[in-house]
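The values are calculated or read from the model by the stated rules, or taken from the named source; none is laboratory data. This is a predicted model, so every value here is computed, not measured. Reconstructed Cβ throughout: ideal geometry from the backbone, glycine too, with neighbour counts over all protein chains shown. Quick note on the areas: whole protein, heavy atoms, side chains included, nothing else; ligands and nucleic acids left out. Shrake-Rupley method; radii C 1.70, N 1.55, O 1.52, S 1.80 Å.
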Amino acid sequence: MLQLGNLTIDTPVVLAPMAGITNAAYRRLCAEQGAGLYVCEMITSRGIVEGDQKSLDMLTFDERETVRSVQLYGVDPIYIGRAVELLCDSYGVRHIDLNFGCPVPKVTRKGGGAALPWKRNLLGAILQAAVKSATPYGVPVTMKTRIGIDADHQTYLDAGRIAEESGCAAIGLHGRTAAQAYSGEADWSKIAELVQHVNIPVLGNGDIWEASDALRMVEETGCAGVIVGRGCLGRPWLFRDLAVAFAGGEALNLPILGEVASVMRRHAELLSDLMGENRGLRDMRKHMPWYLKGFPVGGELRASFGTVSSLAELDALLVQLEHTAPFPIRELGAPRGRQGGPRDHVILPYGWLDDTDGLTTDMSEAEIGISGG
């Protein structure tokens with residue numbers, strides 16, 4: 001189990017917030033497969049406080065979502081504190097995670113995401129404000145970060161210390177720097193170092209493609225649980241495998257294409273319920289290549305899945321699949337989703353690295369247009 005304050009998660013697995021992916025439909029789909037903590041897409045604290053409609057629309061939860069979990073992005077302690085209070089009081093949120101790991105240039109160039117932990121005092125002020133607002137509601141606050149900006153500007157050990165001192169219930173660490181983005185291999189040794197450095201639970205993130213990877217990460221690093229992102233794209237049954245693995249069960253059979261088709265249909269149905277059929281099926285299109293990756297699906301049929309616009313059309317395509325086709329073994333352990341290459345440098349505000357304070361830095365533009373990632 002994973003203990004976050006007074007919140008107990010039966011399986012020590014967290015679904016990482018992913019922009020355009022982890023909406024209420026996908027979170028329910030994953031929860032139907034297994035147990036864990038399922039976090040919604042990243043939302044800005046400023047958007048919540050100022051009533052931005054896009055941000056508020058993202059605060060949609062499935063009726064069976066008993067533990068509402070939200071990841072907040074923010075750079076201002078006052079906005080963060082107020083947003084946390086609103087989430088706890090008005091939306092029944094039971095877990096809040098703060099994002100200090102986003103490596104996207106439009107975020108780091110304004111000092112947000114993975115750039116912010118360089119400003120140690122600002123990081124502490126934000127975390128303290130969040131914990132102070134969440135404490136009356138008994139809601140645990142966690143944070144997620146990266147190793148640092150790049151190899152020469154590492155922040156994860158200081159971030160862990162500050163998180164613990166601020167009263168955070170846990171800290172999640174992605175074993176890459178912002179400069180690496182999603183390239184190369186995650187450095188799990190840094191997760192192990194952080195475990196030894198702090199007395200709060202550490203959640204490991206990076207390169208968990210199979211349930212066996214999660215068990216190996218826990219064994220090698222001593223982390224209290226794992227955060228799963230790209231590994232579940234087109235494979236929500238990974239949460240079933242993780243629940244079985246952490247319970248000490250034997251590995252389950254890999255799904256044949258007919259079983260994958262059933263999951264695809266369920267995913268589309270949930271998206272239709274959430275967004276309406278036309279919009280839901282358009283949103284489903286980006287998931288199709290992930291579900292079908294490695295399976296024997298002809299080019300014309302594969303292309304048709306990418307233009308589907310109704311459940312009836314999807315049903316007509318699903319029956320054309322070779323339902324007995326076995327899961328492609330070569331895809332096991334293979335990276336999924338975005339990868340790319342490392343960056344020569346991380347785009348930061350002018351003079352960002354000159355000091356580690358941040359409390360007097362002008363961050364007024366850092367949250368505009370960031371909800372969703």
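Data for the structure
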| read-out | value |
| --- | --- |
| Selection count where residues are aliphatic (A, V, I, L, M), touching a helix residue (DSSP H, G or I) at 6+ places or on another chain (Cβ under 7 Å) and in a loop (DSSP other than H, G, I, E, B), scope segment 193-225 | 3 |
| Members of segment 334-364 found to be farther than 29 Å from GLY276 by Cα and either β-branched (Val, Ile, Thr) or open to solvent by less than 40 Å² (accessible area, probe 1.4 Å) (or both), listed by number | ALA334, VAL346, ILE347, PRO349, GLY351, TRP352, THR356, GLY358, THR360, THR361, MET363 |
| Residue list for segment 11-20, filter: aliphatic (A, V, I, L, M) and either surrounded by 24 or more Cβ atoms within 10 Å (Cβ to Cβ) or modelled with pLDDT of 95 or more (or both) | VAL13, VAL14, LEU15, ALA16 |
| Residue match in segment 26-39 (condition: among the basic types (Lys, Arg), open to solvent by less than 30 Å² (accessible area, probe 1.4 Å) and modelled with pLDDT of 95 or more) | yes |
| Test for GLY113: is it among the small types (Gly, Ala, Ser), crowded, with 24+ Cβ neighbours inside 10 Å and closer than 15 Å to ILE48 by Cα | no |
| Single residue of segment 45-96 satisfying the filter (closer than 22 Å to CYS30 by Cα and in contact with a Lys or Arg (Cβ under 6 Å, 6 or more places away or on another chain)) that is least open to solvent (accessible area, probe 1.4 Å) | VAL93 |
| Pairs, first closer than 15 Å to GLY229 by Cβ in segment 14-29, second hydroxyl-bearing (Ser, Thr, Tyr), C-beta under 7 Å, six or more apart | LEU15/THR22; LEU15/TYR38; ARG27/TYR38 |
| Count of segment 235-285 residues which are in contact with a His (Cβ under 6 Å, 6 or more places away or on another chain) and crowded, with 20+ Cβ neighbours inside 10 Å | 1 |
